[in-house]
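Report on the structure given below.
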Amino acid sequence: MPNHQLSSQILDALDEHVALLAEDGTIVQVNAAWERFAQANGDPDLWLTGPGVNYLDVCRRGAQTGDQMAHATLVGLQAVLAGQQPSFQLEYHLRS
């Protein structure tokens, strides 16, 4: 079994929403929980939150409109991508 397929199966087994980002913030891979959440909450085709999308840009746009969660996500992800912290995790409350 190729490593990519195995890593996809491991990620898909997690309940947490997981997105793997390239150094520039582009989403490389998402797990099944991330996909289900996006599809149920306004991004059914993963145009804003799927592979190939620069998630930093999405967060920047949200932060510019006053979305505090988008701002926190942007700051946390930038710190990880810059090597200033080893990981980033955010817990959020759903209204849907």
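If you take the residues of segment 18-46 that are free of Cβ contacts under 8 Å to residues at least 24 places away in the same chain and at positive phi, which of them is surrounded by the most Cβ atoms within 10 Å (Cβ to Cβ)?
First, pick out the residues of segment 18-46 that are free of Cβ contacts under 8 Å to residues at least 24 places away in the same chain: 18, 20, 22, 28-39, 42-46.
Then drop every residue that is not at positive phi, which leaves 42, 46.
Working: Gly42: 9, Leu46: 16.
The extreme case among them is Leu46.
Can you pull out the residues in segment 58-74 that are more than 13 Å from the chain's Cα centre (by Cα) and assigned to a helix (DSSP H, G or I)?
Answer for segment 58-74, where residues must be more than 13 Å from the chain's Cα centre (by Cα) and assigned to a helix (DSSP H, G or I): Arg60, Arg61, Gly62, Ala63, Gln64, Gln68, His71.
Return yes or no: is Val53 touching a strand residue (DSSP E or B) at 6+ places or on another chain (Cβ under 6 Å), more than 17 Å from Gln89 (Cα to Cα) and surrounded by 14 or more Cβ atoms within 10 Å (Cβ to Cβ)?
Working: touching a strand residue (DSSP E or B) at 6+ places or on another chain (Cβ under 6 Å): yes; more than 17 Å from Gln89 (Cα to Cα): yes; surrounded by 14 or more Cβ atoms within 10 Å (Cβ to Cβ): yes.
Yes.
Out of all the residues in segment 1-40, which are at pLDDT 90 or above, in a loop (DSSP other than H, G, I, E, B), over 9 Å from the mean Cα position of the chain (by Cα) and of a type outside the set (Asp, Glu)?
Within segment 1-40, Ala13, Leu14, Ala22, Gly25, Asn31 qualify.
Test each condition in (1) in the same structural domain as Asp12 (by TED's automatic domain parsing); (2) among the β-branched types (Val, Ile, Thr); (3) touching a helix residue (DSSP H, G or I) at 6+ places or on another chain (Cβ under 9 Å) for Thr73 and report the one that comes out false.
(1)
Report yes if some residue within segment 6-17 is touching a His at 6+ places or on another chain (Cβ under 8 Å), surrounded by 12 or more Cβ atoms within 10 Å (Cβ to Cβ) and of a type in the set (S, T, N, Q); otherwise report no. Please lay out each step first, then the result.
As a first pass, look at segment 6-17 and keep what is touching a His at 6+ places or on another chain (Cβ under 8 Å): none.
Checking segment 6-17: not a single residue is touching a His at 6+ places or on another chain (Cβ under 8 Å), surrounded by 12 or more Cβ atoms within 10 Å (Cβ to Cβ) and of a type in the set (S, T, N, Q).
Tell me yes or no: at least one residue of segment 81-88 is among the hydroxyl-bearing types (Ser, Thr, Tyr) and surrounded by 10 or more Cβ atoms within 10 Å (Cβ to Cβ). So that I can check it myself, show each step before the final result.
To start, the set of residues in segment 81-88 that are among the hydroxyl-bearing types (Ser, Thr, Tyr) comprises 87.
Now restrict to residues that are surrounded by 10 or more Cβ atoms within 10 Å (Cβ to Cβ): none.
Within segment 81-88, none of the residues are among the hydroxyl-bearing types (Ser, Thr, Tyr) and surrounded by 10 or more Cβ atoms within 10 Å (Cβ to Cβ).
Can you run down the residue pairs with Cβ atoms below 7 Å, 6 or more apart or on separate chains, where the first is in segment 63-80 and modelled with pLDDT of 95 or more and the partner is assigned to a helix (DSSP H, G or I) and among the charged types (D, E, K, R)?
Within 7 Å, the pairs are Leu74/Arg60.
The values are calculated or read from the model by the stated rules, or taken from the named source; none is laboratory data. No experiment lies behind these values; they were computed from the predicted model shown. Positions of Cβ are backbone-derived with ideal geometry, glycine not excepted, and every protein chain shown enters the neighbour counts.
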